[in-house]
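Take a look at the structure set out below.
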Amino acid sequence: MKNLDIVILAAGKGSRMKTKKPKLLNQINGKSLIEHTIFKAKKIKNSKVNIIINKDLEYLKEKFNKITFIKQDKANGTGHAVKTYIKKKNKFNDTLIMMGDAPFIALKDLNRVINYLKKNAIVVLGSKIKKNFGNGLIILKNDSIKEIKEFKVIEKKSNNKYYNTGVFGIQKKYLKLVKLIKKNEKLGEFLITDLLKIAFKNNVKSKLVITERNNTSFGINTIHELKKISKFIIRS
């Protein structure tokens, strides 16, 4: 792919971490989570990295001068963060969305999403796990993604299904669908996962790509998850 925009969503509150410092500033191997994510994104060829930040991460501007930083004054969900990005942009490319709290997703999986994006409108990186403790449920229909249900609104906590890692690839001409995302009535914020339901209703097909690297493919939301993945990374 000749030109790719990467958008890292890093303006969330991270309230489940319950540490004194902001969630994304917690460290593993001497680097903060957000720095690990940035370094991972910079390894993707022919890409421009953009980060949606809050006031706690403004210090990164001095450290990474070749990255575009967009401040989200009020955290109102992942969908709102991407809407904020679109409002600030003048020219668009195919786009890879990453979560700032998921720095250890395999580079191979990110490149797989990008490769599938050449022939698919929207690509989602998912994982098949036996026990789900907080990830959105991916619902398929006719080889496309019908919707992604956030963990908090899954009626039945099913096992052995496909779950969302938070990585999305979107062809540039379909970024306009993000503007159609409305505030989720149940959760009270704008969710990027609602993009899949909008796409399905508009006959825009999406592709699910499955990772085999379950241990490091999800966001780090709690201190327990931070400690667990720290041990895994150090052993690797």
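What separates the Cα centres of region 73-139 and region 22-70 is a distance of 16 Å. Model label sites at E185 and K128, defined 7 Å from Cα along the beta-carbon direction, differ in position by 3.4 nm.
I'd like the antiparallel share, as a percent to the nearest 5, of DSSP beta bridges with both residues in region 1-84.
Values: 2 of 13 bridges.
Bridges in region 1-84 are about 15 percent antiparallel.
Taking all protein chains as shown and a probe of 1.4 angstrom, T68 keeps an accessible surface of around 50 Å².
The listed residues T78, T37 rank as T78, T37 when sorted by accessible area, largest first, using a 1.4 Å probe.
Need one value: the accessible area of I198 in square angstrom, 1.4 angstrom probe, rounded to the nearest 10. Accessible area of I198: about 30 Å². The Rg/Rh ratio of region 158-212, with Rg taken over Cα atoms and Rh as the Kirkwood radius over Cα pairs, comes to 0.98.
Per residue, the chain exposes 55 Å² of solvent-accessible protein surface, assessed with a 1.4 angstrom probe and all protein chains in place.
Taking all protein chains in place and a 1.4 Å probe, what share, in percent, of the accessible surface of region 1-134 do carbon and sulfur account for? Could the numbers behind the result be given before it?
Numbers: 3290 of 6970 Å².
Ligands and nucleic acids excluded, carbon and sulfur reach 47 percent.
Measuring max minus min along each principal axis, the C-alpha atoms of the chain give extents of 45, 42, 34 Å (largest first). DSSP beta bridges fully contained in the chain are about 45 percent antiparallel. Percent relative contact order of region 136-219, based on C-alpha pairs within less than 8 angstrom and at least six residues apart? After rounding, I find 34 percent.
Could you pull out every one of the lysines with an alpha carbon less than 17 Å from that of K131, ignoring same-chain neighbours closer than 8 positions? Within the straight-line cut-off, K131 pairs with K149, K152, K156, K157, K161, K228. For region 2-117, the relative contact order is 40 percent, taking Cα pairs closer than 8 Å that sit 6 or more residues apart in sequence and dividing their mean separation by the residue count. Shown here for region 71-114: trypsin sites (Lys or Arg not before Pro) in loop regions (DSSP other than H, G, I, E, B) with at most 14 other Cβ atoms within 10 Å, namely K74, K91.
Within the listed set N221, N203, N111, the Gaussian network model of the chain (springs between alpha-carbon atoms below 10 Å) gives the highest mean-square fluctuation for N203.
If you filter region 120-227 for GluC sites (Glu not before Pro), then keep DSSP loop positions with at most 11 other Cβ within 10 Å, what is left?
Listed in order of number, the matching sites are E155, E185, E212.
According to the Cα-based calculation, Rg over Rh for region 106-236 is 0.97, with Rh computed by the Kirkwood formula.
Shape of region 1-137 from the C-alpha gyration tensor: rounded (a/c under 1.5, with a ≥ b ≥ c the square roots of its eigenvalues).
Excluding same-chain neighbours fewer than eight residues apart, the aspartates and glutamates reachable from K21 by a Cα-Cα span under 17 Å are E35, D56, E58, D101, E225. When only Cα pairs below 8 angstrom with a gap of at least 6 residues are kept, the chain shows a relative contact order of 24 percent.
The values are calculated or read from the model by the stated rules, or taken from the named source; none is laboratory data. Keep in mind that this is a model prediction, so the values were computed, not measured. Please note: Cβ atoms are built from the backbone with ideal geometry, for glycine as well, and neighbour counts cover all protein chains shown. These area figures cover heavy atoms from the full protein model, side chains too; ligands, DNA and RNA do not enter into them. Shrake-Rupley method; radii C 1.70, N 1.55, O 1.52, S 1.80 Å.
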